[in-house]
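Just below is one structure, and these are the notes that go with it.
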Ligand SMILES: Nc1ncnc2c1ncn2[C@@H]1O[C@H](COP(=O)(O)OP(=O)(O)OP(=O)(O)O)[C@@H](O)[C@H]1O
Ligand SMILES: [Mg+2]
């Protein structure tokens, strides 16, 4: 079972990497090396956080992608991770559910705790961790299975349903909460890949919430969607916040402003500034943050 999940995880990662490579209109980060980042400015540390990360460094082989990042994520908050292309947003996000484990060259150091529990501890099973910390990728990646089976997959492998009625209930509730049920209720046995992009992304969200995660990581979940599908996803994020903690990477500052309560700005692998979203956008303290949000860079 583990191998199968890992197989699917790496497929999802490859799809995500391809999407990242296509993101060529973004400026690259190394055009702006003149301003130094000494330490993170703002409220990166919280009392009683859901996730606590300290001095996180991430390497791909010799190349360092994250430098000494310390960031807490609060209970039931949506935190937006923003910054220029290549600054390490996806890398940091993937460290939170050990998705980087699936990349051979990748090494993570530092302290990462979920509810006080070290997620890199030898006793932590990454497959179970990923059920607690679910992930939605930039490119919707439904499994080549029916709509029903996409959502039922996680509950089945984690033994969350006692019988088929129970499983039906989980699938229907998850599809409802993802705002997709009414559109697919008459074709639950049809392939998930036959849905529109926005529907596929909501299917992936339903699949993620079907295993009752505590945290949902979203890596540019709406970047491939039209404004209507984007609005549906953003509304959904707002509703999900009641029950989950959400970290979302986005290139859209409007989106960050609409969905998040706190924002973290990354630059060249460093966590530059963290604060309340409205303050970050109206009154940034670091020059680099200001340059980015005023569109001078990135
Ligand atoms: N699988 C990998 N192998 C080697 N280097 C990688 C890999 N993934 C990312 N990197 C490198 O790590 C750095 C951070 O990349 P990352 O994908 O985290 O940036 P990002 O902020 O998510 O960018 P984008 O906004 O374009 O998605 C980049 O220099 C990138 O080239
Ligand atoms: Mg990325």
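None of the figures in this text is laboratory data; all of them are computed from the coordinates on show. Small disclaimer: the values here were computed from a predicted structure and weren't measured. Counting neighbours? That spans all protein chains shown, and the Cβs are built from the backbone with ideal geometry, glycine included.
The relative contact order of the chain, computed from alpha carbon pairs under 8 Å that lie at least 6 residues apart in sequence, is 26 percent. Annotation: the residues 244, 265, sorted from fewest to most other C-beta atoms within 10 Å of their own C-beta, follow the order 244, 265. Where does helix 147-157 land angle-wise versus the long Cα axis of the chain, in degrees 0 to 90, nearest 10? Relative to the chain, helix 147-157 is tipped by roughly 80 degrees.
What shape does the chain take by its C-alpha gyration tensor, where a ≥ b ≥ c are the square roots of the eigenvalues and a/c under 1.5 counts as rounded, a/b above b/c as prolate, and the rest as oblate? Prolate is the answer for the chain, as a/c is 1.5 or above and a/b outweighs b/c.
Summarising the strand pairing of the chain, around 55 percent of its internal DSSP beta bridges are antiparallel.
The long axis of helix 2-21 is offset from the longest Cα principal axis of the chain by roughly 50 degrees. Taking a point 7 Å from the Cα of residue 54 along the Cα-to-Cβ direction, the residues of segment 98-142 with backbone N closer than 16 Å to it are 109-121. Taking segment 97-125 and a reference point 7 angstrom along Cα→Cβ of residue 62, the backbone N atoms nearer than 19 Å belong to 104-108.
Each peptide among 272-282, 206-216 gets the average number of other Cβ atoms lying within 10 Å of its residues, and from highest to lowest they stand as 206-216, 272-282. Relative contact order for segment 161-298: 16 percent, from Cα pairs under 8 Å spaced at least 6 residues apart, divided by residue count.
What does the extension gain come out to for residue 45 and residue 173, with contour length at 0.36 nm per residue minus their alpha carbon separation?
Working: separation 128, 0.36 × 128 = 46.08 nm, distance 3.48 nm.
This chain segment gains 42.6 nm when fully extended.
FRET efficiency for the residue 276 to residue 103 pair, using the beta carbon distance and R₀ = 25 Å, is estimated at 0.15.
Considering only alpha-carbon pairs that sit under 8 angstrom and 6 or more positions apart, the relative contact order computed for segment 99-176 is 15 percent.
Counting only alpha carbon atoms, the long axis of helix 164-177 and the longest principal axis of the chain meet at about 40°. Let's test the formula: R0 of 45 Å, r as the Cβ-Cβ distance of residue 261 and residue 156. What FRET efficiency results, to the nearest 0.05? Here the calculated transfer efficiency is 0.85. Applying 1/(1 + (r/R0)^6) with R0 = 25 Å to the Cβ-Cβ distance of residue 297 and residue 228 gives a FRET efficiency near 0.25.
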